[in-house]
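The values are calculated or read from the model by the stated rules, or taken from the named source; none is laboratory data. This is a predicted model, so every value here is computed, not measured. Virtual Cβ from ideal backbone geometry, glycine too; neighbours counted across all protein chains shown. Please note that ligands, DNA and RNA were not included when accessible areas were found on the heavy atoms of the full protein model with its side chains. Shrake-Rupley method; radii C 1.70, N 1.55, O 1.52, S 1.80 Å.
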Number of protein chains: 2
Amino acid sequence: MWHCQAVTSANIAGAVRQGSLRELNLAVVLGRIAAADRPPSRAAIAADTGLTRATVSAVVDDLIAGRLVAEVDPEPRTGAGRPARGLRLAADGPAGLGLEINVDYLAACVVDLTGTVRHHEVCRADLRPVSPTEALARLVELAGRARAAADRLGITLAGATLAVPGLVDAHGLVRLAPNLGWRDVDVPALLAGHPPLTGTVDGVPALTVDNEANLAALGELHAVPGTSSFLHVSGEIGIGAGIVLDGTLFRGARGWSGELGHVPVDPAGPGCRCGGRGCLETYAGQEAILGAAGLSGADLPADTAARRLADLAAAGDPATRAALRAAGTALGVAVAGVVNLLDLDTVVLGGGYATLARWLRPPVATELTARVLTAAWSPVSVRAAALGAESAVVGGAGAVVRQIVARPSGWLGRRQ
Amino acid sequence: MWHCQAVTSANIAGAVRQGSLRELNLAVVLGRIAAADRPPSRAAIAADTGLTRATVSAVVDDLIAGRLVAEVDPEPRTGAGRPARGLRLAADGPAGLGLEINVDYLAACVVDLTGTVRHHEVCRADLRPVSPTEALARLVELAGRARAAADRLGITLAGATLAVPGLVDAHGLVRLAPNLGWRDVDVPALLAGHPPLTGTVDGVPALTVDNEANLAALGELHAVPGTSSFLHVSGEIGIGAGIVLDGTLFRGARGWSGELGHVPVDPAGPGCRCGGRGCLETYAGQEAILGAAGLSGADLPADTAARRLADLAAAGDPATRAALRAAGTALGVAVAGVVNLLDLDTVVLGGGYATLARWLRPPVATELTARVLTAAWSPVSVRAAALGAESAVVGGAGAVVRQIVARPSGWLGRRQ
DNA sequence: CCCTATTTGTTCAGTGATTGGATTAAAGGG
DNA sequence: CCCTTTAATCCAATCACTGAACAAATAGGG
């Protein structure tokens, strides 16, 4: 967990001022506490990091004063010596608010510093016929209830992340969300007037908007310790991918990476709405699978569609099984290219694919074994997303708290 | 957005000791001097970085004492005030030795801190029938001459990088170099006994072995300022790719990224030696192009093959032109997938493709325009490699000096 | 020609954070 | 009960940056 241990200093290429020293060590020590599987002692952190025990004590004092870290009773331990006081992330410290707008549901959740989901609410509704303004109004309601829940739990929300199924630019403008029918929707502007989600708090925007597939990948990274590099494939109506490398989400030059749906699978294949031919989406997108299975699912909500297919496949429907096998093969071909190019060792099937993983996994794995160069001496593992459809909300909320863990000085210096 | 952007720091997860402050500021100041287009003054650096002039002066003194930076006469400047003394990278400081073993040549070059190539030697010979031991023996000769040249020029070699057309692991073991016929060749072990290329100097290995496509991409990054994110496609017998993002080479989870040649282009296409079907290599690899052009080029040295094709195409040979158009289309299809996935804005045609760029560029650009989602509002540029076939050697030598610029403390603390 | 404004680079006391050693705290073992 | 062991803290010393004052070098104006 908490692989995002990169030290994000205030000024990347900028100068390293005197205070940066403490700033960096706060991050280092907090990072160790977060990464440890059992509450470490100050002495253990000192031995681990190479810092002096004196320094670690001073740093930890700051962290405790800022409610980021709490002391726990010493573990029963064998051997002589004064027992250590364990350190762990505080459960009553800052928490993150995750929000999601998708085609057929709205969701909100609160995740605390330890990564625990403290509140979770999903509101099913077909959002396609609804205007962005109306959708965001409903979202604000959900966010209000989440905030009330956080108040009752005695935790403070430090920020919020909104997951959207589309291309988002650096300012929170949703350039294009085809399946929602959104185009150039300026979310921050539409939310002006809803204080908790507006403006900046100590220089950090109160709400960040991000692509759903990216956040889902972060959620998986968070939820499954051990894998720090993987490709998270999110199969909905479109097919998005989140690429995580060494615990860092890879966003591309302009932040629009992950368009796996339009990787060509067969240059002579059927035309795609993107203008190309034979894109993966025309083989393994939701509509393609539904069509091949003999269902005309244009009017089905996305989540329902995946479940319907899973039910039919489980019942042994041959057309559905064939459709899933074909989709899995196409997916495997496309993913094999990515794995060859990026040298990944794990592929996670998420979104709607998580529901269908039982039938998609075999053909995907077959193609990977056949096509990946390094598969012979280091096989590629394929698994379903652990969080399933909740990856994106939880990942968004988790991103907020992980940001704090990565740069605690921002939170500590907040109310000077 | 931009939550988890990686940060380049000397010690990512490590503790920040007291000396790290100076260590980091040495890197910051030297980085500014290296990045500036005209020699900046101490005062300009201070204003730029936010450091005090006093601090910058102290740091610069260290850099000058370590022969990394030199003062130059002030530029003729208008306006009042004491004239500034300009700072630039020292040309007589440490330099990098680049070495390359390829199918039909050996090469060595010396690049100084400023990025200038101070020595360059290419030795053409078909290396396929030669044993690894013999090939490395010849390489040592070349390296010796390069070292002698460096001595004459009064510069010290700080390290060496060897470019190899194959998969290399972290210890310099060449796992597989199919076109050389190498398999599990332990380069450092075979070079034991040749002092300048053996062992470690101050903890840094004297020789690093890396993939040719990776180093070529680094060379291009170095040579063409302005593009910091691109895909460098290196077309030889195999097709390798170097991915550069924000000025950083992307190596993949285990360092074996870039196998573009086995990205599937048509799942029903001809079988490939990798075991898959319809890999890019079977359409745009050198042998495929030669075959389509009606040449049986199995015995042609790689470089010669590209030149022969270029000559025939220039002469108007229709079969060759059609072959190149088909290869370019396949290349465009594969690259479009990569660009969609990683959100890149520049594609560089390198290696043998550099020679053929005039004919490959149009079909590649056509496919990209048709298939890349974001092409409509931000076109992808396609260009030939600036360094052509020398990218890899120069890139390897450049990697050595850039390593010093990125972490000058290693060089400064070398002979304490 | 001299004087002033202006910009550059250096010197020096001051401060913040880490260091290393000594000290106190809290157990277990003989 | 004393000694050993490990944990955490205290304190003087050190290192690097800060801020301000100062010296150096030049252009421009009277």
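Some notes on this structure:
- In this simple spin-label model, placing a label point 7 Å from the Cα along the Cα-to-Cβ direction at both B:Ala386 and B:Ala43 gives a separation of 3.2 nm.
- The range A:332-416: chymotrypsin sites (Phe, Trp or Tyr not before Pro) falling in loop per DSSP and having at most 10 other Cβ within 10 Å: A:Trp377
- Listed residues B:Ala95, B:Ala313, B:Ala192, most fluctuating in chain B (Gaussian network, C-alpha, under 10 Å): B:Ala192
- Computed from backbone phi, the HN-Hα couplings of the range A:283-292 come to 10, 10, x, 4, 5, 5, 5, 4, x, 5 Hz, rounded to whole numbers (Karplus: 6.51 cos²θ - 1.76 cosθ + 1.60, θ = phi - 60°; Gly and Pro given as x).
- Taking the longest Cα principal axis of chain B as reference, the axis of helix B:212-223 is set at about 50 degrees.
- Candidates per trypsin sites (Lys or Arg not before Pro) in the range B:10-115, loop by DSSP, up to 11 other Cβ within 10 Å: B:Arg77
- Charge-dipole axis of the protein assembly as shown as Lys and Arg at +1 and Asp and Glu at -1 on Cβ define it, positive-most pick from A:Gly395, A:His232, B:Gly81: B:Gly81
- Net charge dipole, the range B:18-89: roughly 140 debye, given to the nearest 20, about the Cα centre with Cβ charges of +1 for Lys and Arg and -1 for Asp and Glu.
- Computed from the Cβ-Cβ distance with R0 of 45 Å, the FRET efficiency linking A:Ala370 to B:Ala170 stands at 0.95.
- Dipole in debye (nearest 20) - the protein assembly as shown, about Cα centre, beta carbon charges: Lys, Arg +1; Asp, Glu -1: 1440
- Rounded to the nearest 20 debye, the dipole magnitude of the range B:52-95 is 180 debye, with +1 charges on Lys and Arg beta carbons, -1 on Asp and Glu beta carbons, and the Cα centre as origin.
- Taking the charge dipole of the range A:225-385 about its Cα centre, with +1 at Lys and Arg Cβ atoms and -1 at Asp and Glu Cβ atoms, the residue from A:Ala313, A:Phe250, A:Leu260 reaching farthest to the positive side is A:Ala313.
- Positive-end ranking of B:Val168, B:Leu221, B:Gly115 along the dipole of the protein assembly as shown, with charges on Cβ about the Cα centre, is headed by B:Gly115.
- Looking at chain B, the DSSP beta bridges with both ends there are about 65 percent antiparallel.
- Solvent-accessible surface (1.4 angstrom probe) belonging to A:Asp266, in square angstrom, nearest 10: 40
- Within the range B:232-309, the trypsin sites (Lys or Arg not before Pro) that combine a DSSP coil assignment with at most 16 other C-beta atoms in a 10 angstrom radius are B:Arg254, B:Arg273.
- Computed over the range A:225-385: relative contact order in percent, which uses C-alpha pairs under 8 Å that are six or more apart: 23
- Derived scalar couplings between HN and Hα for the range B:258-268 equal x, 7, 5, x, 10, 6, x, 9, 8, x, 9 Hz in order, rounded to whole Hz, by the Karplus curve 6.51 cos²θ - 1.76 cosθ + 1.60 (θ = phi - 60°), x for Gly and Pro.
- Accessible-area rank, largest first, for B:Asp169, B:Asp73: B:Asp73, B:Asp169, with all protein chains present and a 1.4 angstrom probe.
- Gyration tensor verdict on the range B:225-385 (Cα atoms; rounded if a/c is under 1.5, prolate if a/b is larger than b/c, oblate otherwise): prolate
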